[in-house]
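> My questions all concern the structure below.
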């Protein structure tokens, strides 16, 4: 490989620098505590459908620690029992999750931009 000029303005498009590929060892990826609780919810879902259909459940350390029909109340019960730690509160249902569109706010442009 030939040596490149030190300044970008002295380079041409034919000057190519090849960089090594990044090391993406995904096997070593650690999941967050919240993600672990979410995974536990979906692992428990088939059993929960028989016992908690239509209710919200809070999962902490891979087990249900609160349940009810109001999502906020279930979360509050779970935090009261476990403290302010990562939990997952999910609705026990076979229906797909509702898609919600959340548009980004648009700020008015001030003169000159």
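> Hey, does the range 61-84 have a residue that's in contact with a strand residue (DSSP E or B) (Cβ under 9 Å, 6 or more places away or on another chain), surrounded by 14 or more Cβ atoms within 10 Å (Cβ to Cβ) and in a loop (DSSP other than H, G, I, E, B)?
Scanning the range 61-84, I find no residue that is in contact with a strand residue (DSSP E or B) (Cβ under 9 Å, 6 or more places away or on another chain), surrounded by 14 or more Cβ atoms within 10 Å (Cβ to Cβ) and in a loop (DSSP other than H, G, I, E, B), so the answer is no.
> Next up: Can you name the residue in the range 12-44 that is within 21 Å of residue 61 (Cβ to Cβ) and exposed (fewer than 10 other Cβ atoms within 10 Å of the Cβ) and, of all such residues, is modelled with the lowest pLDDT?
The residue in question is 29.
> May I ask you to say which residue of 54, 90 is touching a strand residue (DSSP E or B) at 6+ places or on another chain (Cβ under 9 Å), at positive phi and outside any helix (DSSP H, G or I)?
Residue meeting the stated conditions: 54.
> While we're looking at this one, here's another question. Of everything in the range 85-113, what is surrounded by fewer than 10 Cβ atoms within 10 Å (Cβ to Cβ) and in contact (Cβ under 8 Å) with a residue 12 or more places away in the chain? Give them in sequence order. Working first, answer last.
We begin by selecting, within the range 85-113, every residue surrounded by fewer than 10 Cβ atoms within 10 Å (Cβ to Cβ); these are 94-113.
Across the range 85-113, the qualifying residue is only 94.
The values are calculated or read from the model by the stated rules, or taken from the named source; none is laboratory data. The structure presented is a predicted model; accordingly, all values stated were derived computationally and were not measured. Here the Cβ is made from the backbone with ideal geometry for all residues, glycine too, and neighbour counts use every protein chain on show.
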